[in-house]
Amino acid sequence: MANHRQSLKALRRIALAHCRGEHPDLAALARELGSAVRLHTEGFTALSARVRTTAGAPRIRPLRTGSAHLQLLLIAWPPNHVSALHDHGARWGLEIPLHNALEIEAWRRQSDGGEPLAHGRHWLGPGDALWFDADQSRLHRCRNLSRRDAALSLHLFGGAPAGLAYAPPPSTRQRMPPSRPAIAGPLPG
């Protein structure tokens with residue numbers, strides 16, 4: 001049986017090695033993390049089997065980074081969960097599924113302050129990454145594509161510490177009502 005703790009430590013080591021400076025090469029970081037995710041598939045499958053999610057809120061586990069300017073989060077998404085429309089302020093970031101798949105729906109703010117406009121979707125499986133620079137518009141929403149199983153993902157954010165900025169939901173019909181991510185309890189391990 002694979003050890004999920006060793007798998008998480010491997011990802012943490014890679015993230016910390018790449019994020020020593022102010023702004024890492026996000027493409028190189030994504031490639032190395034993706035390779036490690038594929039190498040540690042058994043560990044993340046074992047961790048996913050241990051995670052208990054409840055409908056409504058993902059479980060978020062911050063991983064230690066030793067830096068106020070780097071945030072590393074392990075998120076367990078309940079089946080078919082959709083996050084609220086949000087961004088991460090003026091920070092760079094990277095999102096990578098570890099187990100199961102996520103849909104990342106991109107939105108664009110209008111200059112006149114009107115409702116945000118949908119402008120793209122990305123489907124990510126284990127080891128696939130999506131990243132953004134600090135100067136890019138990052139308004140988005142995440143969804144676990146599985147209707148039965150939890151999804152696990154790793155999220156890295158760097159730059160000046162900031163919270164999530166939530167946008168009002170667009171008036172267009174949504175598949176699921178958005179819910180705000182909250183810490184529902186610690187993940188095992």
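A short reminder: the numbers here are calculations on the coordinates, not readings from a lab. Nothing here was measured: the structure is a model prediction, and the numbers come from that model.
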Coordinate range along principal axes, alpha carbons of the stretch 96-155, Å, largest first: 40, 25, 14
So how much slack lies between Arg38 and Ile14, counting 0.36 nm per residue of separation and subtracting their Cα-Cα distance, in nm? 7.2 nm
Give a residue-ordered list of calculated ³J(HN,Hα) values for the stretch 85-90 (Karplus: 6.51 cos²θ - 1.76 cosθ + 1.60, θ = phi - 60°; whole Hz; x for Gly, Pro). 5, 8, 9, 10, x, 8
Calculate log10 I(q)/I(0) of the stretch 1-126 for q = 0.09, 0.17, 0.20 Å⁻¹, where I(q) comes from the Debye formula with a single equal point scatterer on each Cα and nothing for solvent. -0.30, -1.05, -1.36
Taking 0.36 nm per residue of separation between Arg147 and Ala28 and subtracting their Cα-Cα distance, the length gained on full extension comes to 39.6 nm
